[in-house]
């Protein structure tokens, strides 16, 4: 009869745990999936308040009807230029301005990604 030693069982369990952690890490990073420039910027600058899916369902945005980017409730208009202006200039007391952090091209990329979340545009092509 062959038995496995306790140290060998512990080593296997530790290895399985490491592989599980590595898989979870890879699932959340850019290694496995293509993320457009707009999606990367959105995740970095917008998702904390607007959620990864654009629903606005976050602790920071609780009670703010304008945080939901998927509905049709817009404070300053739903045109691309209005969205870009809100990202650039912010909304007093509700959203910070990004004019000193993002270029116009980066802001346009975020607007495109928001339109993708809403199902209004096709995702940006992979580089």
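We did not get these values from a lab; they are worked out from the coordinates using the rules stated. Values in this document were obtained by computation on a predicted structure and should not be read as measured data. Don't worry about glycine lacking a Cβ; one is built from the backbone with ideal geometry, like all the others, and counts go over all protein chains shown.
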Cβ-based exposure ranking for 52, 92, in which fewest neighbours within 10 Å come first: 92, 52
Fully extended contour minus Cα-Cα distance, from residue 82 to residue 70, at 0.36 nm per residue: 2.8 nm
Two-decimal ratio, the range 46-127, of alpha-carbon radius of gyration to 2.2 N^0.38 Å: 1.04
Spacing of the two label points (7 Å from each Cα toward its C-beta) at residue 121 and residue 7, in nm: 6.0
